[in-house]
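Presented below is the structure to which this report refers.
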Amino acid sequence: MSVLPNSATYMAQVLSNGAEERETFHKFFECWLVEQSQYLEELVSASKERDQLENNGRTITKEEFDKSVLLPLIHRVVQHYEHYYKAKERWAKHNVLAMFNPSWTTSLEDAFLWIGGWRPSMAFHLLYSKSGQQFEAQISELIRGVSTGDLGDISPSQLSQADELQRKTIREEREISEKQAKHQETITDSSMVEMSHAVSELKRGGDVSREGGEIDEGQVDTTLAPKEQGLVEVLQMADELRMKTLEEILNILTPLQCVHFLIAAAELHLRVHEWSKKRDARHPPAGQNGHEQ
């Protein structure tokens, strides 16, 4: 089995060679997934080690362990996510359409994509599932001042902060979705209608004097350029919200809670990708939808 290169090294090599094609990001994503799996093992190992501190005779306290081991690890994992979004932003400027129709995701993942990635508010469902309770009921009880029962290791104060952050995140999601919808309408603006009409007239008239009856490609590119640039801007806004949401959730949690949350996030991402990739191999999507398994 071939060993995939480090994702940062691979990206540097690609950029130095001047190649930023669709499949190079596919390869980058595969490298990044391998690293995410490695970080997952580190997170699980650190969590287990912390749980055993009181039973192994070590003199280091849990607070000291959090500071010397957990916090640096959390920082590295967050940097790994940042690395992914920075690479994605760079490739999007070269070929944004590939980011909206990724060859590196599966058909199941595609069905749940929101503007080229996961919906930020989904992170809260993952967070609340760790408490073992229905969050809506907990918040309702919290607001009424009623005991919320067993919330696992998530305190009422943390739930209140998370609820406020969730509401803010959903508002920002809606704003970005509205911006995307408004931009999608530009595909029917006057420049597109006029250009499509001109091409149709040339085809109907059999005019072969202009590139076989076609509008010059430069003119097409000029007309489409602002459409693609608009997509780049919407994608960047969505990715910034994804990263900001992750960081703000982690700011609410204790170091150990952060580790547990990052473990759950990585496990869900890796397992869904793995399961749906096997499913696509058994039941290939019609036309493959550009995917290469």
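For the reader, a short list of remarks on this structure follows.
- A cut-off under 11 angstrom between Cβ atoms defines the neighbours of residue 192, and their net charge, with Lys, Arg +1 and Asp, Glu -1, is -2.
- Placing R0 at 30 angstrom, the Cβ-Cβ distance between residue 94 and residue 203 gives a FRET efficiency of 0.45 after rounding to 0.05.
- Full extension of the segment from residue 75 to residue 184, taken as 0.36 nm per residue of separation minus the current Cα-Cα distance, would add 35.5 nm.
- With protein chains left intact and a 1.4 Å probe, residues in the stretch 26-128 average 49 Å² of accessible area per residue.
- Contour minus Cα-Cα distance for residue 49 and residue 155 (0.36 nm per residue): 35.8 nm
- Calculated FRET efficiency for the pair residue 264/residue 228, C-beta based, R₀ 41 Å, to 0.05: 0.70
- Of all lysines in the structure, the ones whose alpha carbon falls short of 29 Å from that of residue 93, not counting any fewer than 8 places away in one chain, are 27, 168, 179, 182, 227, 244, 277.
The values are calculated or read from the model by the stated rules, or taken from the named source; none is laboratory data. Please read all numbers here as calculations on a predicted model, not as lab measurements. For neighbour counting, all protein chains shown are included, and Cβ atoms are generated from backbone atoms with ideal geometry for every residue, glycine included. Surface areas here come from the heavy atoms of the whole protein model, side chains and all, with no ligands, DNA or RNA. Shrake-Rupley method; radii C 1.70, N 1.55, O 1.52, S 1.80 Å.
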